[in-house]
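Below: one structure, written as structure tokens.
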Amino acid sequence: MAPLLRALHSGLRSVCLARAVSNSARSRGVAVTELPQRAADKHEHEEVNVFDQNPDYHGFSSDPHVDEWNMRLAFFFGVSLVIVVGGTFIHYLPDHGMRQWARREAERLIKEREAAGLPLLDENYYDPSKIILPSSSDE
């Protein structure tokens, strides 16, 4: 597969290194010339497997030292900060929808009504003696 890709790459390079030059407006002739190859194109380098250079390759960089430090930083931020600090943050979030508060308040009211000997549910939600109604002359 690699020799086929090299052959295809060199064939494409030779096609790309041609240019068309117009001679004049009257003759409409076109001359095709070859572009000079650059020095970098003449000396093709074989691809080097990164695992040959660095058997402990982590996928961050081809330089072994930079690769190791990038791996350490990624795992530090990924594990330490995201999981530990994120989990702590989520654990200490306030009560969503105040469900726990509503449960505690209901339990407190039930204990208070049982101690006073009142029924748990009353037919009037509010105490009628505390409701102030407008007078009939205000209507």
Review point. Would region 109-122 turn up any residue that is over 42 Å from the mean Cα position of the chain (by Cα), among the acidic types (Asp, Glu) and not in a helix (DSSP H, G or I)?
Key: yes
Review point. Can you find even one residue in region 39-49 that is surrounded by 11 or more Cβ atoms within 10 Å (Cβ to Cβ), of a type in the set (A, V, I, L, M, F, W, C) and modelled with pLDDT under 90?
Key: no
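The values are calculated or read from the model by the stated rules, or taken from the named source; none is laboratory data. Values in this document were obtained by computation on a predicted structure and should not be read as measured data. Cβ atoms come from the backbone with ideal geometry, glycine included; neighbour counts cover every protein chain shown.
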